[in-house]
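None of the figures in this text is laboratory data; all of them are computed from the coordinates on show. Predicted model only: the values in this text are computed from it and were never measured. Ideal geometry is used to build each Cβ from the backbone, glycine not excepted, and the neighbour counts take in all protein chains shown.
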Amino acid sequence: MFPIIDKKMTGIHLRKIMDAKGLSVKDIQQYLGLGSVQSVYHWLNGLSMPTIDNLYALSELFQMPVDDLLCGNRRYTPTSIQYSSMKRLCAYYEKIKEYKAA
């Protein structure tokens, strides 16, 4: 399946992030230097998406990766680095369990 971004779900997600951070639509408009709040409302209502530049700026404002701002149909697959770290962590946990059992 070809990965796509769900504009409606992304808008809902952006609204939740804004609410959690205590930010208003006006705050976002001013931070991004937009001429009006209408663009932000279009994003939140799933009518359009922020440009990549705006997504990048929002990721800085929200202190989260761009990927975490978007909702789509792509399944999460851990990278090899994440998998390797998780494998090491699990092995360490097993050693601790063995040590405590002894």
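Worth pointing out:
- The chain pair-distance distribution - Cα-Cα, 10 Å bins, rounded %: 13, 36, 20, 15, 11, 4, 0
- Helical runs (DSSP H, four residues minimum) scored at -39500 (n - 2.57) apiece and divided by the length of the chain put the mean residue ellipticity at 222 nm at -19500 deg cm²/dmol.
- Lysine pair count for the chain with Cα-Cα distance under 25 Å and sequence separation of 8 or more or different chains is 10.
- Farthest toward positive dipole pole in the chain [+1 Lys/Arg, -1 Asp/Glu at C-beta], among Met86, Leu69, Thr51: Met86
- Charged neighbours of Asn45, selected by a Cβ distance under 10 Å, balance to +3 (K, R count +1; D, E count -1).
- The charge dipole of the chain, taken about its Cα centre with unit charges on the Cβ of Lys, Arg, Asp and Glu (plus for the first two, minus for the last two), comes to roughly 420 debye.
- Comparing Ala20, Ala91, Ala57 in a Gaussian network model of the chain, where Cα atoms under 10 Å apart are tied by springs, the biggest mean-square fluctuation is seen for Ala91.
- Placing unit charges on the Cβ atoms of the charged side chains and taking the dipole of the chain about its Cα centre, the candidate lying farthest along the positive direction among Ile96, Met9, Gly22 is Ile96.
- Among 41-52, 59-70, sorting by the average number of other beta carbon atoms lying within 10 angstrom of each residue, highest first, gives 41-52, 59-70.
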